[in-house]
Each structure stands twice: as C-alpha cells, then as structure tokens.
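The values are calculated or read from the model by the stated rules, or taken from the named source; none is laboratory data. Remember, it's a predicted structure, so these values are computed and weren't measured experimentally. Backbone-built Cβ (ideal geometry, glycine too); neighbour counts: all protein chains shown. Surface areas here come from the heavy atoms of the whole protein model, side chains and all, with no ligands, DNA or RNA. Shrake-Rupley method; radii C 1.70, N 1.55, O 1.52, S 1.80 Å.
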Amino acid sequence: MPRNLDLTALRSFVAVADSGGVTKAAGYLHLTQSAVSMQLKRLEEALDVRLLDRANRSVTPTAEGEQLLSYARRMLALNDEVWGRLTAREFEGEITLGVPHDIIYPYIPPILRHFAQDFPRMQIKLISAPTTKLREMFGRGECDAILTTEDQPGPGGEVLVKLPLVWIGAEGGNAWKQRPLPVAFCSQCIFRSGVLRRLDDAQFDWEMVVDSDLDNAVEAVVSADLAVHAAIEGVYPRQTAPIPDQSSLPNAGSTQIILYMHPNEDTVTKALSDMIRETYRRAEEKLSIARSKMPLTA
C-alpha cells in the first residue's frame, strides 16, 4: 500500500533546515518547540532515516536530509500554489469575454476549459456578437476582453494572427459556378464590404441571395447550395466546405484576429489574455506548417 508523507511535518523539517535550529523554526511556524521536535521525530521514524545532524550547535541536514529537502520544497510549493489558487478571494467573481460566432470554434472551447481549470472559483461569461457590437460593448465596459475580426486593429487592439478568407459553399455544391454569382452575407458581417468590393473591382457579376441580421440564415442558404460565402480559412459552418476551385473567383482577402484588453488588467484577466495569445500562436504555427506542405499549383 502506498504511504503518504505528512506535509505539516515536511514544512517543519524545511523550516528547521533553513533556520538552523528548532527554536527559530518554531517561532516562524507559530508552534511550540516540542511540537516541531515531535513532527521531526515522526518524519524520521516514517522514513526510517536520520534527516538532521544535531551534533553541532546549528542543526544541519544529513545526506538523506538534503535529498528529502529538495523534494519537500517542491511538494510544499505545489501545495501552497493549489491552496492559494482554490481559496484566494481575489480569484472569485466573473469575467466576460466577447467573441464573434465565426471564431468561437475551434480555439475558444480549449481556452475556456484551461481557464476553468486554473480558476475554478471564477465564472467566465461568453458573449457572442458581431465585431462592431463587441467593440461598442467593450467601450462601455461591458466586456473585460474581446476578440474581433478586422482588417486593422483599433486603438488598444493587439493583432494575434492574420488569416486568409476563402470562398465556401455547400459540400459537393455547384452554386459557385453560377453567374451572376449568388452570395449570402449577414448584414453585420465584418467581411461583407471588403469581399463585395473585391468582386466589384474584378468586375465580377454577383447578386445578394440573402441579406439577414442572423448568421444562421446565411449558413442555411449556403449549406443548401443556394449561395456562396467568404469565411476564415479552417472555420466553416456545418455542411459547408471550401469551393473546389478558389482561383475561379476573385481573391476573398484576409482578416486579422484582434485582442482588446483593458489596460488595468488584473491577475485573472492577464492569465486569460496569455491563454488566448498562446492558443493563437500555436494555431498560426500549425497553419504555417500545413500551408508549407500544400502542393504548388502551376
């Protein structure tokens, strides 16, 4: 059967080793000398080794004690970290993160899971809205942090990654072959004006099949093979896929994922922003590797 070391006894042992005596350690730990001595005795009996050399005026660790001291420091540090993280009042409360719906997957769920594990007493509130609305909410202080999709960052915005836009349609669909090209965009879609301008600049004939305030209406029309849409590479609604011949349509352009944080961010908000930065850094690396492996087209 596995046996467990007494963390209280280990703390007394480390205190004695650091201070060089039981008296000083007892004062540091707010215990009596006899209590500290008893804990040390029990620890030595449990391990069946002599941990401290008491021959001199200053108590010093034996060879076995030095070995245990290294483990003890790490065990106590981990214990104190867990205790502080789970009980500290400053890590209680709510934090609000705003994210446009089209970049929630696949990166936001792992971020939320990681945050919940590190700050179990914090409640994270996720708000999904278009970039323009999120910027307004952030300006009013209704969100602690927001992610947006924009061509250029606004004041205080931090560019996390630049991603290409691709044309998407129904899986196995043919809407992309039709002329004029049937397109569908939400009225608040941040990509809309730029993509339509690119079509016009290329003198490409198009028509708006659906003009809705709701993203799911656009997704329904596209998945039914009634129109095409521009989406961030790698982030596609269900039952849709990149059209097979991207070169048959004008380049859809690109967008940037922007992070906005309030300048007076606290420990929890900073931890969340660091998780977001690291997640998108890794995502950019994976995309770069994937693109490098794509065959060159003539």
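What the table shows:
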quantity	calculated
Cα-based Kirkwood hydrodynamic radius, segment 1-93, one decimal, Å	14.1 Å
Carbon/sulfur fraction of accessible area - segment 119-238, other protein chains in place, 1.4 Å, %	45 percent
Amide H contacts under 5 Å for PHE185, placed H, 5+ residues apart	VAL210, SER212
Distance histogram for segment 14-160 (every C-alpha pair counted, 10 angstrom bins, percent rounded to whole numbers)	9, 25, 18, 12, 13, 15, 7, 0
Unit Cα scatterers, Debye sum, segment 150-261: log10 I(q)/I(0) for q = 0.20 Å⁻¹	-1.05
Low-density loop positions, trypsin sites (Lys or Arg not before Pro), segment 216-279 - DSSP coil, at most 13 other Cβ in 10 Å	ARG238
Solvent-accessible area per residue for segment 72-230 (1.4 angstrom probe, square angstrom)	53 Å²
Gaussian network model of the chain, Cα within-10 Å springs - most flexible of ASP102, ASP18, ASP211	ASP18
Ellipticity estimate at 222 nm from DSSP helix runs (n ≥ 4, -39,500 (n - 2.57)) divided over the chain, nearest 500	-13500 deg cm²/dmol
Helix runs (DSSP H) in the chain reaching 24 Å along axis by Cα, Kyte-Doolittle at least -0.5	63-87
For segment 239-245, 3J(HN,Hα) per residue [Karplus equation, 6.51 cos²θ - 1.76 cosθ + 1.60, θ = phi - 60°, Hz, x = Gly/Pro]	6, 10, 7, x, 5, x, 10
All lysines inside 18 Å of LYS41 as judged from Cα atoms, apart from same-chain residues fewer than 8 positions distant	LYS24
Percent carbon-and-sulfur accessible area, segment 52-113, ignoring ligands, DNA and RNA, probe 1.4 Å	55 percent
Estimated Rh, the chain: Kirkwood, alpha-carbon pairs, angstrom	23.9 Å
Amide H contacts of ASP225 (H built 1.01 Å from N, under 5 Å, at least 5 apart or other chain)	ALA170
Fluctuation leader among LEU134, LEU52, LEU112 - the chain, Gaussian network, Cα springs under 10 angstrom	LEU52
Amide hydrogen neighbours beyond the local backbone of VAL59, cut-off 5 Å, H modeled	GLY21
Gained length - ASP266 relative to PHE204, 0.36 nm times residue gap less alpha-carbon distance	17.3 nm
In order through segment 249-258: 3J(HN,Hα) via Karplus (6.51 cos²θ - 1.76 cosθ + 1.60), integer Hz, x for Gly, Pro	10, x, 4, 6, x, 8, 9, 10, 8, 10
Rg followed by Dmax, in Å, when segment 196-293 is reduced to its Cα trace	17.8, 52
